[in-house]
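For reference, the structure discussed in these notes is given below.
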Amino acid sequence: MSAYSLQDKVYQSDTFQLNNVSGYQLHLQVTERNVFINVLDSTERNCLYSAHYSDSSYKANPIEICQKLRHLISTHNFLGVNQWKVILVILEDTPFMLVPTALFDENEAVNLLRSVSTWHEAHHDLIFTRHHNGQVTHLSAYHTAFRHLLNDVYPDAHCSVTHQSACFLEGLVRSNAFTANQLHAFLSGEYLYLGILDGHEPLFFNGFHVTAKDDILYFVLSVAEQLKIEPQALELIFYNSLAADNQVENTLRRYVNKLNFATVSLQFGSNTTKLIKFDLWGAAQFQYPD
C-alpha cells in the first residue's frame, strides 16, 4: 500500500501548544489523493497549523483512503494523541444534494439521495445539515469505513463528517448578500462547485466532475445559460488559486465579462492573512455557529 507524503511547507504558529490540543479543533480534508490537515483554535478562531499530504500514484477507494489515513495518523507527530476533543472530517467524492428545509423528510432521506446517485445503504452513513439561513438542508452519504476509523482512533473525541460542498455553501450563506448574476465557483481536486445566491438564499448549487481544463468553462457557461444569465451580466467569482493557471484564466476571460478571485481573511496566529484556501474558511464557518 502506498502512503501519503508531505507536499507543501508546513505552517505552524508559534502559539501552537501540543499539550493544549484538547482546546483545538482538528480538521481533516480528505480527497481521493490528498489530505489537508488544519488545526484551529476554538477560542481565538485562528489557524495554528496547516499541512498538505498527498499520494498521487492512483485514485484510492474509501477503504484504501482510510487505511492510508490510519497510517498517517499513527506516524504523524501529534495527529494520534488522545487529547483531541473536536474533529471534523471533510469529504468530497461522495453523493450530495440540497433539499428545501420545508420539504425535507428525514424518513425519505435514503430515497432522496438515491434519486441523484447510486450508492449502497449498507456501506454508507447518511448526514444532513441545515444551513445557516435554515432554508436548505444539505444531504450526503459517506462510506462507513470513515466512521469505523474515527471510532477506533479517536474514541473519546466528538467526531463529525461533512461534505466539501457543505463547507463551501455554508461559507457563502454567511457572507455578505450576493446578487443573482454572481456565479460562485470553487475548484477542489476534480470537482467544481458552482452556486448562485439571491441575498443569502441559494438559487442554484451543484458539483461537477472535471476531467479537463476546458470542462470548467463548459460548466460555467452551461449554468449561466440554464439560469438565463446573459454573458455580459455574469460575474464569476472564484474562491481558490485558479488564478495561478493562466490558460484557464485567459480562456474564462474571453467568455466571461467579469472574472474575480475572492480572498478570504483568516487569522494565522497573531497575523491576519488573505487566503484563497476556501476550504479552511468554509470549514471554520461550518464549525463556528453564531
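Scanning the stretch 88-112 for residues that are out of contact with any helix residue (DSSP H, G or I) (no Cβ under 9 Å at 6 or more places or on another chain) and of a type outside the set (Val, Ile, Thr) turns up PRO100, ALA102, LEU103, GLU106, ASN107, GLU108, ALA109, ASN111, LEU112.
The residue pairs whose first member lies in the stretch 226-237 and is under 12 Å from ALA180 (Cα atoms), whose second member is among the small types (Gly, Ala, Ser) and surrounded by 12 or more Cβ atoms within 10 Å (Cβ to Cβ), and whose beta carbons are closer than 7 Å, counting only pairs six or more residues apart or on different chains, are LEU234/ALA224; LEU236/ALA185.
In contact (Cβ under 8 Å) with a residue 40 or more places away in the chain, in contact with a Ser or Thr (Cβ under 8 Å, 6 or more places away or on another chain) and of a type in the set (Phe, Trp, Tyr): is that true of TYR11 in this structure? Considered against the rule, which asks whether it is in contact (Cβ under 8 Å) with a residue 40 or more places away in the chain, in contact with a Ser or Thr (Cβ under 8 Å, 6 or more places away or on another chain) and of a type in the set (Phe, Trp, Tyr), TYR11 comes out as yes. Pairing residues of the stretch 164-186 that are buried (at least 21 other Cβ atoms within 10 Å of the Cβ) with residues that are part of a helix (DSSP H, G or I) and among the aromatic types (Phe, Trp, Tyr), at Cβ distances under 7 Å and at least 6 apart in sequence or on separate chains, gives ALA166/PHE286; CYS167/PHE286; PHE168/PHE278; GLU170/PHE286; GLY171/PHE278; GLY171/TRP281; PHE186/PHE168; PHE186/PHE278.
Kindly establish whether ALA145 is closer than 18 Å to GLU108 by Cα and in a helix (DSSP H, G or I). When the stated conditions are applied, ALA145 does not pass them.
When ASP198 is tested against (1) more than 26 Å from THR94 (Cβ to Cβ); (2) more than 23 Å from the chain's Cα centre (by Cα), just one condition goes unmet, and that condition is (2). The listed residues are LEU18, LEU72, and the only one of them that is of a type in the set (A, V, I, L, M) and farther than 21 Å from VAL161 by Cβ turns out to be LEU18. Among the numbered criteria (1) small (Gly, Ala, Ser); (2) outside any helix (DSSP H, G or I); (3) within 24 Å of ASP8 (Cβ to Cβ), which one does GLY134 miss? If we test GLY134 against (1) small (Gly, Ala, Ser); (2) outside any helix (DSSP H, G or I); (3) within 24 Å of ASP8 (Cβ to Cβ), just (3) comes out false.
Are any of the residues in the stretch 127-135 among the charged types (D, E, K, R) and either buried (at least 18 other Cβ atoms within 10 Å of the Cβ) or over 20 Å from PRO202 (Cβ atoms) (or both)? Looking through the stretch 127-135, none of the residues is among the charged types (D, E, K, R) and either buried (at least 18 other Cβ atoms within 10 Å of the Cβ) or over 20 Å from PRO202 (Cβ atoms) (or both).
Each row is one residue, and each column tells you yes or no for (1) of a type in the set (A, V, I, L, M, F, W, C); (2) surrounded by 13 or more Cβ atoms within 10 Å (Cβ to Cβ).
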| position | (1), (2) |
| --- | --- |
| SER188 | no, yes |
| TYR191 | no, yes |
| LEU203 | yes, no |
| GLY207 | no, yes |
| ALA212 | yes, no |
| ILE216 | yes, yes |
| GLU225 | no, no |
| TYR239 | no, yes |
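For every residue, the table says whether it meets (1) under 23 Å from the mean Cα position of the chain (by Cα); (2) assigned by TED's automatic domain parsing to the domain that holds LEU26; (3) in contact (Cβ under 8 Å) with a residue 60 or more places away in the chain.
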| position | (1), (2), (3) |
| --- | --- |
| GLU64 | yes, yes, yes |
| VAL81 | no, yes, yes |
| VAL89 | yes, yes, yes |
| PHE104 | yes, no, no |
| ASN107 | no, no, no |
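Evaluated against (1) out of contact with any Asp or Glu (no Cβ under 7 Å at 6 or more places or on another chain); (2) surrounded by 13 or more Cβ atoms within 10 Å (Cβ to Cβ), TYR24 falls short on exactly one condition, (1).
The values are calculated or read from the model by the stated rules, or taken from the named source; none is laboratory data. Because the structure is a prediction, the values reported are computed rather than measured. Please note: Cβ atoms are built from the backbone with ideal geometry, for glycine as well, and neighbour counts cover all protein chains shown.
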